[in-house]
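The values are calculated or read from the model by the stated rules, or taken from the named source; none is laboratory data. Bear in mind that the values here come from a model prediction, so they are computed numbers and not experimental data. Backbone-built Cβ (ideal geometry, glycine too); neighbour counts: all protein chains shown. Side chains are part of the model used for accessible areas, which takes the heavy atoms of the whole protein and leaves out ligands, DNA and RNA. Shrake-Rupley method; radii C 1.70, N 1.55, O 1.52, S 1.80 Å.
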Amino acid sequence: MAQALLQSAVEFDARPQAVKPPKVLAVKGLGKAWSSQQRVLDDITFDLHAGELVAVIGRSGAGKSTLLHLLNGTLTASEGEMIAWRDEVPVQDITRLNRREMRQWRSECGMIFQDFCLVPRLDVLTNVLLGRLSQTSTFKSFFKVFSLTDRARAIELLQWMNMLPHALQRAENLSGGQMQRVAICRALMQNPKVLLADEPVASLDPKNTRRIMDVLRQISGQGISVMVNLHSVELVREYCTRVIGIAQGRIIFDGHPNQLNDNLLHQLYGDEISQLT
Ligand SMILES: Nc1ncnc2c1ncn2[C@@H]1O[C@H](COP(=O)(O)OP(=O)(O)OP(=O)(O)O)[C@@H](O)[C@H]1O
Ligand SMILES: [Mg+2]
């Protein structure tokens, strides 16, 4: 007995093992065609893990926004599957959900849209609370009845984003950077597992750009998978843990940002490469 214990102790490898973060989404063979002549995405295959900050890059029209909308379920795929994983187990194919299941998925998969999509005439606090809509009954959401817990969470998020002084201001009176911060708070109100951001810094000055990228990094540090469409290779290199490059509707690169070289960038952007920062 003592001999057996000793033997197993010898065999046990006490060195720290690299633990891969849990998978949250497995995308396989995903495609989207707008018509028989217009195919935008083809055979898109990748896994997404908790805590990753993944950039999606490619020239204008490459299909970056389309990909995020497919993941979020706001667009329907032409073929392929997107398997959501929970607790290391595949649970459902996002391409085959009924309406109720899709509502649930959208609550797990927050999205920040390129044009923010705030309700202009509502105040900032209410806009943030609207992020809870998918988990609130229709009756309560129609009359904008939110629980004290939700209100406390919204205030906490606004404070974190330095937006609390603007909580009662109408969304339409905010600057672009402020709107972006409110849009992030609204997405986080859902407690998402995945956060998709479509060019979240496109219209921002350098200071606000850094502010938003810092926030996305913090969010991924909390274990949320963040996927972000970016046009700046410099930001990709500085902030992202992984980059997926799309050209002619296919993934031509999936790796660490410091593996991006001139040759790859040329394949991704062609002649537009000179316009990159
Ligand atoms: N609703 C639609 N119907 C038909 N074609 C569309 C539709 N939406 C997008 N497209 C086309 O799909 C292609 C990919 O568009 P998408 O918006 O995904 O590109 P993108 O990579 O996000 O570009 P950008 O960097 O300019 O935002 C483009 O050729 C676009 O014209
Ligand atoms: Mg786009």
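A compact table of results
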quantity: Positions within the range 104-127 being assigned to a loop (DSSP other than H, G, I, E, B) and within 20 Å of the chain's Cα centre (by Cα), in sequence order; calculated: F113, Q114, D115, F116, C117, L118
quantity: Residues being within 21 Å of A187 (Cα to Cα) and either in contact with a His (Cβ under 8 Å, 6 or more places away or on another chain) or open to solvent by 10 Å² or more (accessible area, probe 1.4 Å) (or both) - total across the range 221-234; calculated: 5
quantity: Selected residue (only one of S225, S274 is out of contact with any helix residue (DSSP H, G or I) (no Cβ under 8 Å at 6 or more places or on another chain), at pLDDT below 95 and more than 16 Å from ligand 2 (Cβ to nearest atom)); calculated: S274
quantity: Residue, farthest from the chain's Cα centre (by Cα), within the range 70-103, restricted to residues that are more than 21 Å from W34 (Cβ to Cβ) and in a loop (DSSP other than H, G, I, E, B); calculated: N98
quantity: Yes/no for L67 being in a strand (DSSP E or B) and within 21 Å of Y239 (Cβ to Cβ); calculated: no
quantity: Within the range 41-62, considering residues that are in contact with a Lys or Arg (Cβ under 7 Å, 6 or more places away or on another chain) and in a loop (DSSP other than H, G, I, E, B), the one nearest to ligand 2 (Cβ to nearest atom); calculated: G58
quantity: Candidates R237, R250, filtered to the one that is surrounded by 14 or more Cβ atoms within 10 Å (Cβ to Cβ), free of Cβ contacts under 8 Å to residues at least 24 places away in the same chain and among the charged types (D, E, K, R); calculated: R237
quantity: Residues of the range 111-160 satisfying the condition of being open to solvent by 30 Å² or more (accessible area, probe 1.4 Å) and modelled with pLDDT under 80; calculated: L133, S134, Q135, S137, T138, F139, K140, F142, F143, K144, V145
quantity: Meets criteria (away from ligand 1 (no atom under 12 Å from the Cβ) and either farther than 22 Å from S107 by Cβ or surrounded by fewer than 20 Cβ atoms within 10 Å (Cβ to Cβ) (or both)) for G61; calculated: no
